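Trainee: Please see the structure below; I have some questions.
A short reminder: the numbers here are calculations on the coordinates, not readings from a lab. Everything numeric here is computed off the predicted structure, so don't read it as measured data. Don't worry about glycine lacking a Cβ; one is built from the backbone with ideal geometry, like all the others, and counts go over all protein chains shown.
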Amino acid sequence: MMQSIKQQPFRAAVLVLVWGWLLFLVLAPNMLVVGASVMTRNPSTFISLPLNLDAYRQLFNPLYLDVFLHSLYMAALTTLICLLIGYPFAWALSRVEKRRQMLLIFLLIVPFWTNSLVRTYALKLILATNGLLNSALMSLGIIDEPAQLLYTEGAVIVGLVYLLLPFMILPLYSVFEDLRQDVLLASHDLGAGRLATFKNVVVPLTLPGVLAGVMLVLLPAMGLFFVPDILGGSRNLLVGNVIKNQFLDARNWPFGAAASIVLTLTMALLMFAHRLSKRRLGEEGA
Amino acid sequence: MTKTLLSLSGISKQFDGKAVLDELSLTIGDGEFITLLGPSGCGKTTLLRMMAGFEHPDEGTVTLSGVDITLTPPESRPLNTVFQNYALFPHMTVFDNVAYGLKMEKRPKAEIAERVEEALAMVQLEDFTKRKPHQLSGGQQQRVAIARAVVKRPKMLLLDEPLSALDYKLRRTMQVELKRLQRELGITFVFVTHDQEEALSMSDRIVVLKDGQIQQLGTPREVYERPANVFTARFVGQTNFFPGRVTKIEGERISVNVFGLNRDLRKPSFRVAMNQSLHVLLRPEDIRVLAPDDTEGVAGKIVERNYKGSTLDSVIELEDGSQVMASEFFDEDDPAFDYSIGERVRVSWVDGWEWLLAEEGDEPLTDEEELAADDAEH
């Protein structure tokens, strides 16, 4: 072992870097969160002994359960909308001529160069009572007085979809790129119409991309606390808001940590489902 | 020919303003094995895709058993395709791949199982039903693709260069298999290839295509022995082109001056005039290599010799610099028969084995065609 490390200093350096990174920046913080979640709340030192599961029990408090469920609902709705827009978008994108494809992907990525907080404020200006959208609708004579767009559930959903749509499109685009045209032709050739081909061939072959997209949208959609902060008002909270509030305002670290672990576990569950779907396609053997 | 199954008439197709098929007409008989042969870009694949329904012609009609199917979508045509790269459904088992077409017809489960079994037995894959395509070799995937296409008992099987991805030996095996399948099923096969050897050995008829037009349509023997034009002669097999000049026309015989010798030949089917230049075509196996002291033929020397197992292939350079390809079989009387480079010989051919072609305006071959012809030989 030592011999091989001496012989390959570069390989050793890379391994140390990767393992060091995982250990100190991934594993350690997560263990700290797990640790915090089983400790007792303490107003002066934040956390203290003894160990207990009070924080997890508190998650089942109807008040928080409501927030969780509402957050899950908003995230699911966001994911669904992203999927409904992203799926045909990615399909069309993969069928466009190569040079234009690069341009479209570039346009899709450009917004990332601006901080998402700034972009959310921009959205606020559009949705505000005397904002762009209301002015436009009124000057077109569609509405007589400004509609309440901001501080609604709809505004939060719009914000989340706007920020997360590229994360749905990119993995979908990649599976559509791999979808071979002749496999679709084979399906038609064997007697399947458009709908049957879509159901039996296109959907199963793009499922890994759908799951990857769902993973990349659903979890962040529960955590992007600044979106409800800016667009949502007090009733449209995300799990991310709960976690943030526990750490920064309520000073209840164990509870914040427990909520964050629930999010992490949900993510793990989704990743597991994603792996299963890939194995079904036989991609691991190929 | 037996009764007509499919007929294409006046088919034209353009892609980006470039004509791929140009007023092409073709009739395919019931039960025949017909091959579309040509270099890449000749329109053979487009023609096949038009039969399958993946492309529609800009002009012209496609009729199947007397019914116009020009615009019928592929799912409603009683034809099936074997794709170049098999196009198996990667997420389905071998069984489900083969069963797909029958499931689309909503056949009862028991019938599906029976017919899938039968189709897989035909390609000797009955023990592989539960495998996924990626767990099979290229040859096995090819067989699944064939089983999947024939299980629906189509009127016609369309094969798009189905053997091009296989290695030489497997390709030979599959050629025999396909011929056997076609005999057993008794259905029409339309086979696309750029491999002239494959076309010659498998087909009932060959359609030689170039630039979206039919160059020749005939049996393998007709195409090989009596090529219709210079392109076909060059594309199918190897050919020596000797320059000839008509020196005498007398009834059904003419005299042609080739390399300074006057040969008395049969009059060709095209019109000839005195002093006209024409091509005298000879396949390498038609060439006779004679001893240097022979009275017949033209003098030359061996510049290349290739031992091919059953034949000895040589290239002889004549005194005027032109080269002649010869291919001679070994015979049992002289097993040690061989040439050395530089050896003096004389070259001739058996009377009546030559084929005459009129000179064309568009000779010689472009580099592209040369490449395509080279490609086809390998």
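Trainee: What lysines could a cross-link reach from B:Lys248, if we take a straight Cα to Cα line under 27 Å and drop same-chain neighbours fewer than 8 places away?
Mentor: List returned: B:Lys267.
Trainee: Which shape class, rounded, prolate or oblate, goes with the range B:199-344 when its Cα gyration tensor gives a ≥ b ≥ c as root eigenvalues, a/c under 1.5 marks rounded, and past that a/b bigger than b/c marks prolate?
Mentor: oblate
Trainee: For a quick check: sort A:Leu218, A:Leu179 by the number of other beta carbons within 10 angstrom, fewest at the front.
Mentor: Going from least to most buried by this count: A:Leu179, A:Leu218.
Trainee: I'd like the distance separating the alpha-carbon centroids of the range A:66-90 and the range B:74-113, in whole Å.
Mentor: Computed from Cα coordinates, the inter-centre distance equals 36 Å.
Trainee: Using a ≥ b ≥ c from the Cα gyration tensor of the range A:62-167 (square roots of the eigenvalues), is it rounded, prolate or oblate, where a/c under 1.5 gives rounded and otherwise the larger of a/b and b/c decides, a/b for prolate?
Mentor: Cα axes put the range A:62-167 in the oblate bin.
Trainee: Hey, how many Å between the Cα centroid of the range B:173-218 and the Cα centroid of the range B:282-345?
Mentor: Each part reduced to its Cα centre gives a spacing of 33 Å.
Trainee: For the range A:102-132 and the range A:194-258, compute the distance between their C-alpha centroids and round to whole Å.
Mentor: 19
Trainee: I would also like to ask the following. In whole Hz, with x marking every Gly and Pro, tabulate ³J(HN,Hα) for the range B:324-332 from phi via Karplus 6.51 cos²θ - 1.76 cosθ + 1.60, θ = phi - 60°.
Mentor: 10, 8, 10, 9, 10, 7, 6, 10, 5
Trainee: Using r as the Cβ-Cβ distance of A:Met271 and A:Phe106, and R0 as 35 Å, what FRET efficiency do you calculate, to the nearest 0.05?
Mentor: 0.75
Trainee: Would you please classify the overall shape of the range A:83-144 from the alpha carbon gyration tensor, given that a ≥ b ≥ c denote the square roots of the eigenvalues, rounded means a/c under 1.5, and beyond that prolate means a/b larger than b/c while oblate covers the rest?
Mentor: prolate
Trainee: Any chance you could tell me what percent of the C-alpha pair distances in the range B:274-316 go past 13 Å?
Mentor: 67
Trainee: Can you give the mean number of other chain Cβ atoms that lie within 10 Å of the Cβ atoms in peptide A:199-210?
Mentor: 2
Trainee: When the label point is put 7 Å from the Cα of A:Leu72 along its Cα-to-beta-carbon vector, which residues of the range A:214-241 have a backbone N closer than 19 Å?
Mentor: A:214-225, A:236-241
Trainee: Still on this structure, I have one more. Just in the range B:255-328: which chymotrypsin sites (Phe, Trp or Tyr not before Pro) are loop by DSSP and have at most 14 other Cβ atoms within 10 Å?
Mentor: Answer by residue number: B:Phe270.
Trainee: Name the lysines eligible as straight-distance cross-link partners of B:Lys169: C-alpha to C-alpha under 20 Å, and not fewer than 8 places from it in the same chain.
Mentor: B:Lys179, B:Lys308
Trainee: Going toward the positive end of the dipole of the range A:1-149, with +1 on Lys and Arg Cβ and -1 on Asp and Glu Cβ, which of A:Gly86, A:His70, A:Asn130 do you reach last?
Mentor: The listed residue farthest towards the positive side: A:Gly86.
Trainee: Under 5 Å between amide hydrogens, which residues at least 5 positions from B:Ile206 or on another chain qualify, with H placed 1.01 Å from N in the peptide plane?
Mentor: B:Thr35, B:Gly218, B:Thr219
Trainee: Listed highest first by mean packing, meaning other Cβ atoms within 10 Å per residue, what order do B:107-115, B:215-223 come in?
Mentor: B:215-223, B:107-115
Trainee: So which DSSP H runs in chain A come out at 24 Å plus along the axis (Cα) with average Kyte-Doolittle of at least -1.0?
Mentor: Helices passing the filter in chain A: A:62-95, A:153-178, A:203-223, A:253-280.
Trainee: Under a straight-distance cross-link criterion of Cα-Cα below 27 Å, which lysines are reachable from A:Lys244, leaving out those fewer than 8 residues away in the same chain?
Mentor: A:Lys124
Trainee: Now for a different question. Quantify how strongly other chains surround peptide B:87-96 by giving the mean number of their Cβ atoms within 10 Å of each of its Cβ atoms.
Mentor: Shielding by partners across B:87-96 averages 5.
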